[in-house]
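The structure appears below as structure tokens.
Derivation of every value follows stated rules applied to the coordinates shown; laboratory data play no part. Since this is a predicted model, take the numbers as computed values, not measurements. Cβ coordinates were reconstructed from backbone atoms using ideal geometry, including for glycine residues, and neighbour counts include every protein chain displayed.
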Amino acid sequence: MQITEIFKSIQGESTHAGMLCVFVRLTGCNLRCSWCDSEYTFTGGHRMALEEVFEAVEQLSPSRGLVEITGGEPLLQEREVVPLMQRLLDAGYTVLLETSGERPLERVPRGVIKVVDVKCPNSGEADTFHTENLEMLTLDDEVKFVLSDRTDYEFARDFVIRHDLGQKVNTVLFSPAFAKDASGSRDTSHCLLDPRELAEWMLADNVRARLSLQMHKFIWDPAMKGV
Ligand code: SF4
């Protein structure tokens, strides 16, 4: 499979936020979100066999903790990434899969925790979510919405209500988008949507979702890769 990087860091934006985590970042994405902070994954990378990836993960996490399969869009390499996820599960790892939900989720092994990033209007990639994937979600999974204004918020709020997501998944995450050229400052001034404003909207609407800030952007320089 084509890999951009494998590294250990702090999981930044899910119910596992704050946990040590090995990230396997696959190369390539078929979307072009306006606020994407992973454009360096679109091309390049290097080929690695499944066992090479497994060994790299094992070196970073010999005690077999948390591993996140991310990208890019990892499911573009479904043929190789599905056996990798199964191998990691069989070895005792807790496996997270970060995906846009544009690719079918049917072949994702049972036991993998899916974190599905449904695209909102200002991403420029709204309506790419594969609606049939709603049937593939379980009470272990998480659905994330990255928001940059009120239009995105209303889209997410209405999506949660329409599809009764509060009953279908473990957690719904509402996360303010971060400016993709942000660097230096580690505060909310680079959030495209003020978290306080978002919190007030959520309180007013009693939305069944969790406000989520990208923890790694506040720990390290937002422009840093491999964290
Ligand atoms: S799906 Fe993810 S990697 Fe692809 S463009 Fe959007 S944010 Fe970037």
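So how much slack lies between A223 and S189, counting 0.36 nm per residue of separation and subtracting their Cα-Cα distance, in nm?
Roughly 10.8 nm would be gained on extension.
Helix-only estimate, please: 222 nm mean residue ellipticity of the chain, summing -39500 (n - 2.57) across DSSP H runs of length 4 or more and dividing by its residues, to the nearest 500.
Result for the chain, helices only: -7000 deg cm²/dmol.
Nearest 20 debye, what's the magnitude of the dipole of the chain about its Cα centre given +1 on Lys and Arg Cβ and -1 on Asp and Glu Cβ?
Dipole about the Cα centre, nearest 20: 280 debye.
Looking at the chain as a GNM with Cα springs under 10 Å, which of S14, S34, S148 has the largest mean-square fluctuation?
S34
At 0.36 nm per residue, minus the direct Cα-Cα distance, what do E200 and A126 gain on full extension? Give it in nm, one decimal, please. Before the final figure, lay out the partial values.
Details: separation 74, 0.36 × 74 = 26.64 nm, distance 2.42 nm.
Computed gain between E200 and A126 is 24.2 nm.
Would you work out the Kirkwood radius for the stretch 56-115? I mean one over the mean of 1/r across all pairs of different Cα atoms, in Å.
11.7
I'd like the Karplus ³J(HN,Hα) series for the stretch 113-122: coefficients 6.51, -1.76, 1.60, θ = phi - 60°, whole numbers in Hz, and an x wherever there's a Gly or Pro.
Values, residue by residue: 8, 8, 10, 9, 9, 6, 7, 9, x, 6 Hz.
Put +1 on the Cβ of every Lys and Arg and -1 on every Asp and Glu Cβ in the chain; which of T188, I69, G28 then has its Cα farthest towards the positive end of the dipole?
The one lying farthest along the dipole's positive direction is I69.
Dividing the alpha-carbon radius of gyration of the chain by 2.2 N^0.38 Å (N being the number of residues), what value is obtained?
Numbers: Rg = 16.7 Å, N = 227, 2.2 N^0.38 = 17.3 Å.
Working it through for the chain, the quotient is 0.97.
If you rank H190, H46 by fewest surrounding Cβ atoms within 10 Å, what's the result?
H46, H190
For the stretch 52-164, with only Lys/Arg (+1) and Asp/Glu (-1) charged at the beta-carbon, what is the dipole magnitude about the Cα centre, in debye rounded to 20? Walk me through the intermediate numbers first.
On the way: 12 positive and 24 negative charges, 37 e Å.
Dipole about the Cα centre, nearest 20: 180 debye.
Among L147, Y93, L105, whose Cα lies farthest out toward the positive end of the dipole of the chain, if unit charges sit on the beta carbon of Lys, Arg (+1) and Asp, Glu (-1)?
Y93
How big is the Cα convex hull of the stretch 23-142 in projection, averaged over all directions, in nm²?
Details: hull surface 29.3 nm².
Averaging across all directions leaves 7.3 nm² for the Cα convex hull.
With no other cysteine's Cβ closer than 4.7 Å, which Cys residues of the chain count as lacking a disulfide-compatible partner?
So far as the 4.7 Å Cβ criterion goes, C21, C29, C120, C191 stand without a partner in the chain.
Would you order M224, M215, M202 from fewest to most other beta-carbon atoms within 10 Å of each residue's own beta-carbon?
Fewest-to-most Cβ neighbours within 10 Å comes out as M224, M215, M202.
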